[in-house]
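The values are calculated or read from the model by the stated rules, or taken from the named source; none is laboratory data. Model, not experiment: these values are computed from the prediction. When we count neighbours, we look across all protein chains shown, and the Cβ atoms used for this are built from the backbone with ideal geometry, even at glycine. We work out accessible area using only protein heavy atoms, side chains counted, and drop any ligands, DNA or RNA first. Shrake-Rupley method; radii C 1.70, N 1.55, O 1.52, S 1.80 Å.
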Amino acid sequence: MGIEKLSFLPRAVGVKKAAGQPAVSKVSSEWTWKDRLGEIKCRISSFRMRYTVRPGLYAVGEPSVESDVFVTANYKLSFDILRRELKGLNVWIIVLDTKGINVWCAAGKGTFGTNELISRINETNLHNVVTHRRIIIPQLGAVGVNARIVQQRTGFRVYFGPVYAKDIPAYIRAGHVKTPEMRLARFNMLDRLVLTPMEINPAMKKFPLFALIALVLFGLQPSGILFKDAWEGGMPFLIFGLMAVFTGAFITPLLLPFIPFRSFAVKGWLTGMIAVFVLMKGIELWYYKSLLPLAAAYIFFPLASSYIALQFTGSTTFTSMSGVKKELKIGVPVYLTATALSLLILIIYKLSQWRVI
Amino acid sequence: MKYLVDVVTLEFFQEKCTGCGRCIEVCPHGVFLLRDKKAFVADRDRCMECGACANNCEFGAIKVNSGVGCAAAIINGMITGGPPSCDCGEQSGSDCCG
């Protein structure tokens, strides 16, 4: 069963009559509290998978046949950020149907692509809306849009605009020329911080299963499950587990450039290891009356943090497929072996407790 | 920020380059620069294999095995045996790629 897509109609502030064309919705460049709330919900939950606008032609200000045409995705947050930065300008916006995905990701999938752009140009009758033949695509859309084919098929010359919508006014003032800085995708601490909720969220979805396994393992007795043992023995492991999520999904992304080594797996392992080491100080050695659970914790949790940190490669602006493949080629066998080894150590610990060995 | 050293599949054939500058215009990491009316790879390790340059080079001067640099997508591909795919929404209902 597919996810139902909610279609948000941008609040039309009027209609714009363009030549040879039905009325076009005119949208404001102001954000309402609903738009702000929408952004927050997108940042923290899977709400963003159904935050869409209707594809088609929109007007900002009072555009004419000479006005610039900007193209964006039908993820409402992409559309909102674009229109917010167009304040005071008179321009057209064409929204492509990218199935609610942002420009860069959709370009990678091909939905923000050459064919969709060509059919949308034709469908919106753009040849009659404007007399010039310029169309401005966000630079990151170049992954999916082939400028030459668009020009051959539609006559529109593709200009790859700035990476960030906030640079659009300066870009237009300079006569559609980008400075070298406008071409670069950045990834500063605030950019990384806003991404962390959606790293923590999926990691925490797996936490209940991990907690169940840990509690059952510690509570298991030859006679059944002892809740007291499950809780006392399992609790430090639950704390270690939360810590691995914290270091892997929050600390590593946030402090990314400050953590040594380039590999995300190593970065995550390092932060996880430091955290396990610090937390161990809080657990007296006699807690388990054995070193075995502590050894298992030292093996498993830094690697859990490493695995979670590796997931962040999907959200960065600079990791390559070849690089991530290399990390996984080494990482996956290590993760699987280490998980098996920690389980084995815990089983030996249980058997020694039961005086079987 | 730079990722792993010497892993990317970016290939540049300078003899085919006409110096049009499209690659420089589309690269989000400043991998290419122009010298003597031809592009050259100035910083290969900054390449993230997005494929924007190769997609827009009219002269076939750039080759790169492009794809998403995302662990979840690549693991997905390993499991299904297909190419790396972060198939968001649709069937999987996954939360990635807002």
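All distinct Cα pairs of segment B:11-80 go into the 1/r average, and the inverse of that average, the Kirkwood radius, is 12.9 Å. Projection of the Cα convex hull of chain A, averaged over all directions and equal to a quarter of that hull's surface, yields 22.1 nm². Backbone phi angles across segment A:160-177, fed through the Karplus curve with coefficients 6.51, -1.76 and 1.60 (θ = phi - 60°), yield HN-Hα couplings of 8, x, x, 5, 9, 4, 5, 8, 4, x, 5, 5, 5, 4, 7, x, 6, 10 Hz in residue order; Gly and Pro are listed as x. Here chain A has 66 percent of its accessible surface on carbon and sulfur atoms, given a 1.4 Å probe and all protein chains in place. Percent of C-alpha pairs per 5 Å bin in segment A:130-188, short distances first: 4, 19, 26, 23, 18, 8, 2, 1, 0.
Across segment A:100-206, how large is the tail of the calculated P(r) beyond 23 Å, expressed as a percent of all Cα pairs? More than 23 Å apart: 40 percent of the Cα pairs in segment A:100-206.
Only helices enter this figure: runs of n ≥ 4 DSSP H residues, each worth -39500 (n - 2.57), summed and divided by the residues of chain A, yield -15500 deg cm²/dmol at 222 nm to the nearest 500.
Take each residue in A:137-144, count the other chain C-beta atoms within 10 Å of its C-beta, and the mean is 5.
Considering only A:Y287, A:Y171, A:Y307, the mean-square fluctuation computed in a Gaussian network model of chain A, springs between alpha carbons under 10 angstrom, is largest for A:Y287. Shape analysis of segment A:231-357 yields a ratio of the Cα radius of gyration to the Kirkwood radius, Rg/Rh, of 1.03.
Residues whose amide H comes within less than 5 Å of that of B:K38, counting only those at least five positions distant or on another chain, are absent (H built at 1.01 Å from N in the peptide plane). Highest mobility in the GNM of chain B, judged by mean-square fluctuation with C-alpha springs under 10 Å and restricted to B:A72, B:A61, B:A52, is found for B:A72.
For the peptide B:53-60, the mean number of other protein chain Cβ atoms found within 10 angstrom of a residue's Cβ is 4. Within a straight-line Cα-Cα reach of under 26 Å, A:K34 can be paired with the following lysines, leaving aside sequence neighbours fewer than 8 residues apart in one chain: A:K5, A:K16, A:K26, A:K76, A:K87, A:K99, A:K166.
Annotation: lysines with alpha-carbon distance below 28 angstrom to A:K289 (same-chain offsets under eight excluded): A:K228, A:K281, A:K350.
Among the trypsin sites (Lys or Arg not before Pro) found in segment A:253-314, those both in a DSSP coil and sparsely packed, with 12 or fewer other Cβ atoms within 10 Å of their Cβ, are A:K281, A:K289. Once backbone amide H atoms are built at 1.01 Å from N, A:R157 has A:R134, A:I135 as its partners under 5 Å, excluding neighbours fewer than 5 places away on the same chain. Taking only alpha carbon atoms, segment A:6-183 gives an Rg to Rh ratio of 0.93, where Rh is the Kirkwood radius.
Sequentially through segment B:64-76, phi angles give Karplus couplings (6.51, -1.76, 1.60; θ = phi - 60°) of 8, 7, 8, x, 7, x, 9, 4, 4, 5, 6, 4, 3 Hz, Gly and Pro residues having no value and appearing as x.
3J(HN,Hα) couplings calculated from phi for segment A:349-355 with the Karplus curve 6.51 cos²θ - 1.76 cosθ + 1.60 (θ = phi - 60°) are, in sequence order, 4, 4, 4, 5, 5, 7, 6 Hz; Gly and Pro show x.
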